[in-house]
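Single-structure report; data block below.
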RNA sequence: CGGGGCGUGGCUCAGCCUGGUAGAGCGCUCGGUUCGGGACCGAGAGGUCGGAGGUUCGAAUCCUCUCGCCCCGACCA
């Protein structure tokens, strides 16, 4: 297609609003424009890319028998009242009234609507399982939209829902979708990882997130370098470490060390000197203590104290899951100080009443740790958790770190990545089917709630994530499968009759061969300007036709990613582009997944 | 929601402190010269300075309110 006819305005300067690479490049490349905070218009280039990804999603899901549907974006409040989420969901849910004063919301997700659809349509186990999906604009009124398409308020999402007669069948489908997602992201041509994640408050039994790996990702991921174990750092199991050899056990000594003003672990370790430790002690021999305020399922409240080694960090998600709390937050510092009787930095687990103490397993069997003495400016030196903390339990409550030994295979070590969450598979169970009466009759004629799974892919976020992973100083470097166009044909002398003739002929030949070509035939632009635009737009191949080359009977083909340049005769172009495509696709297959 | 910052042609920004009736670069239009990494000359179009109110002879500039946007945090998954 002719570039002069494309609705496109590239920008030389980065718009002020754009704060992440994908947003900057998409705005500069004229792909998106912001209409309001977190709300964007998609221009032809962006939409082409989005549509290509959607098509990959469709094809892979349909291989597994998923059926595409389309549900309304505007949903009646009644359904949300049935599921209980009208009250539960916060301000993220955009609510409004119609002319008759009835309440509606803009759907942030579609469990209610799809459950309603299925309960009215499916009645027998013979109709199950059923797996439906849609690709649609969603709206979540995020507190603070940011990062362009990565965390917008309005975004395109693929959401799918499955319904099953048995738990086992739901699990089977879960893994089928897991495999489908792996195929989808592999076809996309990005580096990604399926990641074990915390199922959070929704309370499903297990869940995986799919992350596109990118330095700018919001999530930290640990992945074993020897086996497949990959997980969100919130969930990563930490290996139990052998307790350090800290000598023969001391008595717990309140006054052993006065530590005025010493709060940080490093200073504490350095300050703990005596005849046996003239140079202080290792940080691993200190300990940290945090008090949490937990709310249980029955609404009772309790205090939880967490102890980890000084060189480790507490993982609050693990603590929360361990005590089975529905909600947990750090005990406010003033209240904690009042409770323990010591300033922040000198609190410790010893002697506290009405607190459930959980000690990280790495301290199990160890002695002579330091801890706050619950007296301002003093630390204990000689903590033996088993002896000094009656009633305390040991558990894995620390944040696993890069380099820790893998708990699954025991052979490898964790490697850290940053990831952008672009998909999630989730086993929902009967949360919605039960509250909304989505039931079926089994072989015995017994009425049972359907077992549900849900499966999401953030379509627009994925496109942005692909850019976060694939760009250079000059602009976007599109993965072939979602490039808006595959070949950027630059006519460097649009005034020249012969040059233009060749250019148009090549455009026709390439399109005939099935390639998508954007033909920059704009007049009055210097070659340099066209090069800059082409780099910015970042289509995989750039074909340059100019009088200089044509004098010698050649045109030039350049690979956007490798910058490799070949000169060829016009009649070789189609074959050469075909070969280049094959080469690029092969290298993508290598990079995708792991 | 707490803290910070910003709203001036399509984009990036200057002007504001110290009031005197709006500028630059890029982009756009026309003409000409150029033409292999964002060319040059000339001539143009385009802004109720986010909005409302106030102070003043006079407000982009000072004051009050308001709306929008951005960043950090909290929140969310």
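The values are calculated or read from the model by the stated rules, or taken from the named source; none is laboratory data. All figures in this text were calculated on a predicted structure; none of them were measured in a lab. No Cβ is skipped: glycine too gets one built from the backbone with ideal geometry, and neighbour counts run over all protein chains shown.
Only one entry in A:109, A:10 is within 13 Å of RNA strand B (Cβ to nearest atom), within 30 Å of residue A:128 (Cα to Cα) and in contact (Cβ under 8 Å) with a residue 40 or more places away in the chain, namely A:109. When residue A:101 is tested against the conditions (1) more than 16 Å from RNA strand B (Cβ to nearest atom); (2) on the phi > 0 side of the Ramachandran plot; (3) touching a residue at least 12 places away in the same chain (Cβ under 8 Å), the lone failure is (3).
Could you tell me which residue of segment A:133-157 is surrounded by the fewest Cβ atoms within 10 Å (Cβ to Cβ), considering only residues that are in a strand (DSSP E or B) and within 16 Å of RNA strand B (Cβ to nearest atom)? Checked segment A:133-157; the qualifying residue surrounded by the fewest Cβ atoms within 10 Å (Cβ to Cβ) is A:146. Pairing residues of segment A:329-343 that are on the phi > 0 side of the Ramachandran plot with residues that are crowded, with 17+ Cβ neighbours inside 10 Å, at Cβ distances under 6 Å and at least 6 apart in sequence or on separate chains, gives A:341/A:374. For segment A:474-491, a residue qualifies if it is surrounded by fewer than 23 Cβ atoms within 10 Å (Cβ to Cβ) and near RNA strand B (Cβ under 10 Å from one of its atoms), and the qualifying residues are A:474, A:475. Scanning segment A:314-333 for residues being surrounded by fewer than 15 Cβ atoms within 10 Å (Cβ to Cβ) and within 16 Å of RNA strand B (Cβ to nearest atom) gives a total of 6. Test residue A:347 against the criterion of being closer than 22 Å to residue A:302 by Cβ, part of a strand (DSSP E or B) and modelled with pLDDT under 90, and give yes or no. It is false that residue A:347 is closer than 22 Å to residue A:302 by Cβ, part of a strand (DSSP E or B) and modelled with pLDDT under 90. Could you list all residues from segment A:546-562 that are in a strand (DSSP E or B) and either more than 7 Å from RNA strand B (Cβ to nearest atom) or assigned by TED's automatic domain parsing to the domain that holds residue A:25 (or both)? Scanning segment A:546-562 gives A:555, A:557, A:559.
Scanning segment A:493-533 for residues that are assigned to a helix (DSSP H, G or I), near RNA strand B (Cβ under 7 Å from one of its atoms) and surrounded by 13 or more Cβ atoms within 10 Å (Cβ to Cβ) gives A:527, A:529, A:531, A:532, A:533. Applying the set (1) in the same structural domain as residue A:115 (by TED's automatic domain parsing); (2) touching a residue at least 40 places away in the same chain (Cβ under 8 Å); (3) away from RNA strand B (no atom under 14 Å from the Cβ); (4) crowded, with 17+ Cβ neighbours inside 10 Å to residue A:449 leaves exactly one unmet item: (2). Could you say whether any residue in segment A:162-179 is more than 16 Å from RNA strand B (Cβ to nearest atom), under 26 Å from residue A:46 (Cβ atoms), in the same structural domain as residue A:114 (by TED's automatic domain parsing) and modelled with pLDDT of 95 or more? No.
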